[in-house]
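Data first, discussion second: the structure below is written as structure tokens.
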Amino acid sequence: MEISAVFTTLTPTEWQAPPEWMNFHYLLRAEQCPRSAALRHATYSQLWSRRGYPDKPSLAALAGMVMHRAIARIIRALADSGVDSFQDPRSVAILKSLGGYSKVIAESVADVTKSLAGNPRFELVRASSLARLNNRVPAIREQVQLQLSRLKWKLQPSSVDLADDLESDAVANGRLPLEQGTHFEIELRHPGIKWRGFADLIELRDDFCTIEDFKSGEPSDDHLLQLQIYALLWCHDEELNPANTAVHKLVICYPNGDRIVPYNKKDGGKLANELQARTNAVRKAVSGPESQANLDADRCTKCDVRHLCSAYWTGNRPASVGGANTERVQLDDVQLILRSRKGQNTWSAECQLSNHIPAGSTVLLRWTPKDCAVLDQLLPGSELRLSGALISYSEDARLQIVSCSATTDLIIPYRLA
Ligand code: SF4
């Protein structure tokens, strides 16, 4: 039986230079590890026709996408009816006419799912991801309510662009000056340094501009810089901001409260120079397969392309990589050779590489059938790499068990036919 290319793809069909228009996320990734940026943004035509290695969004990322979508849907409906804040009593009836929070969130889940259609990594775990996302709906609902209770807007109905393709990073054409009002998911550009970024919310009133970004995770200093970059882009975006309206307020909206970000327009030149220098350095560092692999215990554990990284799958990888460990259960990235089938969902295998299991040891590989059915198709002698596998012990503590689930990345670099 043919094995999906998701499990056998190790190298790109074409490496890509850094993007012509630089952005915050690319820069940060490439500075930390040029190899990671090269792998993530290369072309994998054997997998799909889109650019880059397909994302396998985490539960937190999916929940964040749904939250953004739901907020934009509700605000658009309220603004279309002339309601400019959730304190307006008419908002209750309008929300009811949308079907309430539950329906809006369900529709937003459908939008997010649609945007991921054709993503071969998401398709593998679609059912389990959606089940876990649906369990998160009460928390998403709470977040949406919280964010909406803080917002006040003056929206032009046309300014909420609920594009089908939530993942698109194409540079949009036909950009027009922003009208007075509140706008969502707006792309900003600084042509002088060729930088771009997407601001979650821009509020434009007379000569007053506020930029806000919604964050569902923990606060980070990177978020401050991200917002300051958005302010710089806004100030130099002559298409969206021909009146050169200054930024008066930058806000990061965290679940536990807002954080005001300092920004002084006078510092814009310094920030632009810094970004230019950092961009130039990244352009030199990211050079296809020659891109340096910056092995680091903490970074590699979180790297979303580590299963493709040749430097990582050697004995040189950082020894302390391991994730959330307890005495009995550990997360690990493991390379195995299958030896013999032991049961419906069990192989006996030999460990080649691991942070917690000695090389040469015999382990049991177990998996959840609905997420890892490919393991049924393999023969003894096949080699596997599992990123994010769970390591535990058999009841008598004599054998280590490697468990593979929807969150594990599985690569089969070599298999017997
Ligand atoms: S695994 Fe580590 S070295 Fe390899 S690409 Fe990821 S961050 Fe870089």
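The values are calculated or read from the model by the stated rules, or taken from the named source; none is laboratory data. Fair warning: this is a prediction, and the values are worked out from it, not measured in the lab. Cβ coordinates were reconstructed from backbone atoms using ideal geometry, including for glycine residues, and neighbour counts include every protein chain displayed.
Yes/no per residue for (1) surrounded by fewer than 14 Cβ atoms within 10 Å (Cβ to Cβ); (2) more than 30 Å from K284 (Cα to Cα); (3) modelled with pLDDT of 95 or more:
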| residue | (1), (2), (3) |
| --- | --- |
| A5 | yes, yes, no |
| T13 | yes, no, yes |
| A17 | yes, no, yes |
| P34 | no, no, yes |
| S49 | yes, no, no |
| A70 | no, yes, no |
| D88 | no, yes, no |
| I94 | no, yes, no |
> Checking G82 against (1) away from the ligand (no atom under 16 Å from the Cβ); (2) surrounded by 15 or more Cβ atoms within 10 Å (Cβ to Cβ); (3) outside any helix (DSSP H, G or I), which single condition isn't satisfied?
Replying inline: (2)
> Of (1) crowded, with 17+ Cβ neighbours inside 10 Å; (2) away from the ligand (no atom under 16 Å from the Cβ), Y312 satisfies all except one. Which?
Replying inline: (2)
> Can E218 be described as loosely packed, with under 15 Cβ neighbours inside 10 Å, at pLDDT below 90 and assigned by TED's automatic domain parsing to the domain that holds E239?
Replying inline: yes
> Has segment 25-40 got any residue that is aromatic (F, W, Y) and away from the ligand (no atom under 16 Å from the Cβ)?
Replying inline: no
> So, in segment 4-24, of the ones that are more than 20 Å from the chain's Cα centre (by Cα) and part of a helix (DSSP H, G or I), which residue ends up nearest to V125 (Cα to Cα)?
Replying inline: F7
>> Looking at the structure I just gave you, is N241 under 25 Å from the mean Cα position of the chain (by Cα) and either over 30 Å from L204 (Cβ atoms) or touching a residue at least 12 places away in the same chain (Cβ under 8 Å) (or both)?
In response: no
> Any idea which of W234, W195 is surrounded by 22 or more Cβ atoms within 10 Å (Cβ to Cβ) and closer than 15 Å to L27 by Cβ?
Replying inline: W195
>> Being in a loop (DSSP other than H, G, I, E, B), aliphatic (A, V, I, L, M) and out of contact with any Phe, Trp or Tyr (no Cβ under 8 Å at 6 or more places or on another chain) is the requirement here; does A397 meet it?
In response: yes
> Which pairs have Cβ atoms under 8 Å, sit 6 or more apart or on different chains, and link a residue in segment 283-308 that is on the phi > 0 side of the Ramachandran plot to one that is within 9 Å of the ligand (Cβ to nearest atom)?
Replying inline: G288/A38
> Looking only at segment 271-300, which residues are near the ligand (Cβ under 10 Å from one of its atoms) and surrounded by 15 or more Cβ atoms within 10 Å (Cβ to Cβ)?
Replying inline: S291, A293, N294, L295, D296, R299, C300
> Looking at L28, L47, which one is touching a residue at least 60 places away in the same chain (Cβ under 8 Å), more than 23 Å from A110 (Cα to Cα) and assigned to a loop (DSSP other than H, G, I, E, B)?
Replying inline: L47
> Does any residue of segment 258-274 turn out to be over 16 Å from L227 (Cβ atoms), of a type in the set (A, V, I, L, M) and assigned to a helix (DSSP H, G or I)?
Replying inline: no
